Amino acid sequence: MKPSRISAAVLSAFILLLPLSVSPALAQMQHAQTVHGRPPAAAPVGGHAQQGELAPPNAAPTGAVDTTVVGDQTNETEQTFSPVGLFMRAGPVVKGVLLLLLACSFWSWVIIIDKWLSYGTLTSKANKFEQNFWSGRSLDDLYSQYSSRADHPMAALFVAGLREWKRSFEHGVPAATGISGVKERVAKAMNVSIQRDVDKAERGLGFLATVGSTAPFVGLFGTVWGIMSSFRAIAAQHDTTLAVVAPGIAEALFATALGLLAAIPAVVAYNRFVNELGRYNGRLEGFADEFSAFLSRQLDERAR
């Protein structure tokens, strides 16, 4: 696995685990504020107090006051409806759906981070190559520099076109009738190089498109199955209270939420990367046309 893919996997795991670690801490803070931040109750007013008169204050208690909270139902409810609690309470089918969505979301983030890093690298290397190409250096110097390490599509395009151009002159200057064949072979060599590198850059985008289009439906399947389980629990217990219905409904809706959580970043990233790849492909084709025109002038001058 490439180093960029490894770093993308680490960042993806951090992104997915961060909400699970933050939500319990926030729930505990909110519960602590609820328990310890209650406003003081007003002092009771005696029955003998008349209207418009102030009642005497009650005497402060002299004994020890018991402040122990008995039966912390709020904390138990928060743990039950936390992401981990909902997953543990879910049935086998819903757990399978949740695990599948988690795996798809994790790999989607790996692809997103990897493509974000790789596309940024391709753009910076293309800018540097074009600066060297138009700086006035000879084609032989550029060819000797990039022929052994064409590590980005634009350099590979240049090497492919110039290699085919050099092969055409191995046996001398071609005749005037063969000039058109040389131009055609050079253009085809560059087009093949563009297509090969673009196909390589597109790897992984199909997975993002698949996750973006199918993850909501997979989550909806888990939701429907969870609601069916809730109805079975109601029928078994002969009870329709909220305490019986709420856990199953929460598990079902959690599957839909996880499906949307996997689909939305995948769709946004897919559209962004497709646009960037289209612009980069147009940039490669524009450079190929300019380089082909430059070589064509060189061929015409040698054929004279």
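Values quoted throughout were computed directly from the atomic coordinates according to the rules given, and no laboratory measurement underlies them. None of these values were measured; they are calculated from a predicted model. Note: ideal-geometry Cβ built from the backbone for every residue, glycine included; neighbour counts use all protein chains shown.
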statement: Note, the stretch 131-136: 3J(HN,Hα) by Karplus (6.51, -1.76, 1.60, θ = phi - 60°), whole Hz, Gly/Pro = x, goes 5, 5, 5, 8, 7, x
statement: Taking S108, S230, S180, S135 and counting other beta carbon atoms within 10 angstrom, the fewest-first order is S135, S180, S230, S108
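What ranking do K200, K188, K115 get, fewest neighbouring Cβ atoms within 10 angstrom at the top? Intermediate values should be presented prior to the final figure.
Working: K200 10, K188 13, K115 24.
Starting with the residue having the fewest Cβ neighbours, the order is K200, K188, K115.
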message: Can you return the lysines within cross-link range of K166? Criterion is Cα-Cα under 28 Å, with same-chain partners fewer than 8 residues away left out.
response: K125, K128, K183, K188, K200
message: Counting only other residues whose beta carbon sits under 15 Å from that of P92, what net charge do I get with K and R as +1, D and E as -1?
response: +2
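Quick one: H238, H152, fewest Cβ neighbours within 10 Å first, how do they rank? Before the final figure, lay out the partial values.
Numbers: H238 7, H152 19.
In increasing order of surrounding Cβ atoms, one gets H238, H152.
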task: Determine the distance separating the Cα centre of the stretch 253-304 from the Cα centre of the stretch 218-239; give it in Å without decimals.
output: 46 Å
message: Can you tally the net charge around A293? Count Lys and Arg as +1, Asp and Glu as -1, for every other residue whose Cβ sits under 15 Å from the Cβ of A293.
response: -4
Distance (nanometres) between label positions extended 7 Å along Cα→Cβ at E130 and K200: 2.0 nm
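How much net charge surrounds A252 when only other residues with a Cβ under 13 Å from its Cβ are counted (Lys, Arg +1; Asp, Glu -1)?
Numbers: positive: R89, K95, R232; negative: E251.
Surrounding charge for A252 is +2.
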